[in-house]
1. Might you check whether a residue that is closer than 14 Å to Leu138 by Cβ and of a type outside the set (Lys, Arg) occurs anywhere in the range 199-213?
2. How do the pairs read when you match residues in the range 187-207 that are without any contact (Cβ under 8 Å) to a residue 40 or more places away in the chain with residues anywhere that are open to solvent by 60 Å² or more (accessible area, probe 1.4 Å) and part of a helix (DSSP H, G or I), using Cβ under 7 Å and keeping only pairs 6 or more apart or on different chains?
3. State whether one or more residues within the range 65-76 are open to solvent by less than 90 Å² (accessible area, probe 1.4 Å), touching a Gly at 6+ places or on another chain (Cβ under 8 Å) and assigned to a helix (DSSP H, G or I).
4. How many residues are of a type outside the set (S, T, N, Q) and open to solvent by less than 30 Å² (accessible area, probe 1.4 Å) if we restrict to the range 15-36?
5. So is Arg7 farther than 27 Å from Tyr101 by Cα and open to solvent by 20 Å² or more (accessible area, probe 1.4 Å) or not?
6. So Tyr178 clears everything in (1) in contact (Cβ under 8 Å) with a residue 24 or more places away in the chain; (2) open to solvent by 40 Å² or more (accessible area, probe 1.4 Å); (3) within 23 Å of His220 (Cβ to Cβ); (4) within 18 Å of the chain's Cα centre (by Cα) except one condition, right? Which one?
7. For the range 122-147, name all the residues that are under 19 Å from Asp13 (Cβ atoms) and out of contact with any strand residue (DSSP E or B) (no Cβ under 6 Å at 6 or more places or on another chain).
8. May I ask you to verify whether Ile161 is at pLDDT 95 or above and either over 17 Å from the mean Cα position of the chain (by Cα) or aromatic (Phe, Trp, Tyr) (or both)?
Amino acid sequence: MSEYQIRLYQDSDYEKVREIFSDGIIENSSRAFHISLRHRSIWAFMLLTFSLVLWIHGSFLMSLLALIADMGLLYWLSRYIYVSYVQGCLADDMLDIQQYYLHRDGYCFWVVESMGEVAGMVAAVPHHHHGGGTQVELKRLSVPRKHRGKGIAKALTRTVIDYARKRGCQAVLLETSYPQVVAWQMYEKMGFQKIATAPAPNLVGKLIGFTILFYQFDLHIER
């Protein structure tokens, strides 16, 4: 017997689902911070700040403090991207999950239940291709830390793929960010193909080199 089961979302899941979503997204901010430190432009800016303060004040200590302040600002910006994204989602589709996902054609929302508690979630949203084809977008996939390593994320992803296939769709699409390494590596192992990358649409994301990844899983439908 499986130690977890996938079922449709219920209103009693509301608070836990929103908590899992928020925690799962914001936890990526630390990795985003470390990845941003790999960009030469970031180091060039910090070196410029260090040198400028040293030249103006002639104090190595003040220059060092300015460098630490730059690092703190960079961490705050990395966290801001995810926190602002979560706030937007909680006020949008995650505000009334039942109405948004379960009362509209082509939309769906599932949770995983394990030992009487919610252990994961995923949603599906219809996406109409400009060429006339119908696709499904995988959204809101998240599994709490203590439930990872059990194959839950893969099972939820397959749930969306099966849902799209049964609806006669051509593909499953999704967006993720480069710092979410574990997520996009899993998608690639499952057969998703990266079709595009793009910088974050806001100024903060562009400043720290934040990258959005777009993936597609093609469904081979027998006609």
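1. The answer is yes, given that some residue of the range 199-213 is closer than 14 Å to Leu138 by Cβ and of a type outside the set (Lys, Arg).
2. Listed by first residue and then by second, the contacts come to Met190/Lys154; Pro199/Lys206.
3. no
4. The qualifying residues number 8.
5. For Arg7, the condition - farther than 27 Å from Tyr101 by Cα and open to solvent by 20 Å² or more (accessible area, probe 1.4 Å) - is not met.
6. Every condition holds for Tyr178 apart from (3).
7. Pro144, Arg145, Lys146
8. Judged against the criteria, Ile161 is a match.
The values are calculated or read from the model by the stated rules, or taken from the named source; none is laboratory data. Only a predicted model underlies this, so the values are computations on that prediction, with no experimental measurement involved. Cβ atoms come from the backbone with ideal geometry, glycine included; neighbour counts cover every protein chain shown. For accessibility, only protein heavy atoms count, side chains too; no ligands or nucleic acids. Shrake-Rupley method; radii C 1.70, N 1.55, O 1.52, S 1.80 Å.
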